[in-house]
Amino acid sequence: MIPRPKPGEYNEYFSKYIQHIPDQANILEVLQKQRQEVEQLFGRVSEGEASFAYEPGKWSVKELLGHMVDTERIMAYRALCIARGEQKPLPGFEENDYVANAFFSERSLNNILDEYNTVREATLSLLRSLPAASFSRLGNANGSPITPSALAFIIAGHERHHMNILKERYLVKL
């Protein structure tokens, strides 16, 4: 089982994501179950509705999902690097630039959902393959210390955060 990260294993900024995961949760089970919730909620959105943004300047439904995919892919890459002993600082990323340059609006919602499922399967495969000792290995990402354990919890908590936004700000208006 992947241990819950302790303070000092991640930048305090990520607490808002980690707090979404119950204390005794098995993070691998959480990540697996989230797939069903994503399929269910995004499955309620038609292709026409997938371009909806709840207010000007906010991401569309497609962009929100694409952002979740990009973030998971980056966090999983960081977990891989740190688990393998990387000591060089890993770069940060500007989420709005990534979304703007991804052209999610030109893709179908189903295509982005397929990518989400592929990335989630790869994340689960990676996390299952790591030896227990690697989860507490401290690395550096975006100028802050972080462990693979924290990254696993951040992936799940970040998704939960955005799924709440989808429910509260998008689906109620569609």
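The values are calculated or read from the model by the stated rules, or taken from the named source; none is laboratory data. No experiment lies behind these values; they were computed from the predicted model shown. Cβ sites come from the backbone with ideal geometry, for glycine too, and all protein chains shown count toward neighbours. For accessibility, only protein heavy atoms count, side chains too; no ligands or nucleic acids. Shrake-Rupley method; radii C 1.70, N 1.55, O 1.52, S 1.80 Å.
Sort out which residues of the stretch 47-79 are open to solvent by 60 Å² or more (accessible area, probe 1.4 Å) and within 14 Å of residue 151 (Cα to Cα), and write them in order of number.
73, 77
Residues in the stretch 160-169: is at least one in contact (Cβ under 8 Å) with a residue 40 or more places away in the chain and within 17 Å of residue 90 (Cβ to Cβ)?
Among the residues of the stretch 160-169, not one is in contact (Cβ under 8 Å) with a residue 40 or more places away in the chain and within 17 Å of residue 90 (Cβ to Cβ), which makes the answer no.
Suppose we filter the stretch 16-32 for residues that are under 14 Å from the mean Cα position of the chain (by Cα) and part of a helix (DSSP H, G or I); how many remain?
Residues meeting the conditions: 8.
Residue check: is residue 103 among the aromatic types (Phe, Trp, Tyr) and surrounded by fewer than 12 Cβ atoms within 10 Å (Cβ to Cβ)?
In short, yes.
Just to be sure before I move on: is residue 92 modelled with pLDDT of 95 or more, touching a strand residue (DSSP E or B) at 6+ places or on another chain (Cβ under 8 Å) and at negative phi in the structure I sent?
Yes, satisfied.
In the stretch 5-45, which residue that is among the charged types (D, E, K, R) and open to solvent by 70 Å² or more (accessible area, probe 1.4 Å) is farthest from residue 139 (Cα to Cα)?
Taking the candidates together, the pick is 44.
Looking only at the stretch 82-100, count every residue that is of a type in the set (Lys, Arg) and either touching a Pro at 6+ places or on another chain (Cβ under 6 Å) or surrounded by 11 or more Cβ atoms within 10 Å (Cβ to Cβ) (or both) and tell me the total.
Qualifying residue count, the stretch 82-100: 1.
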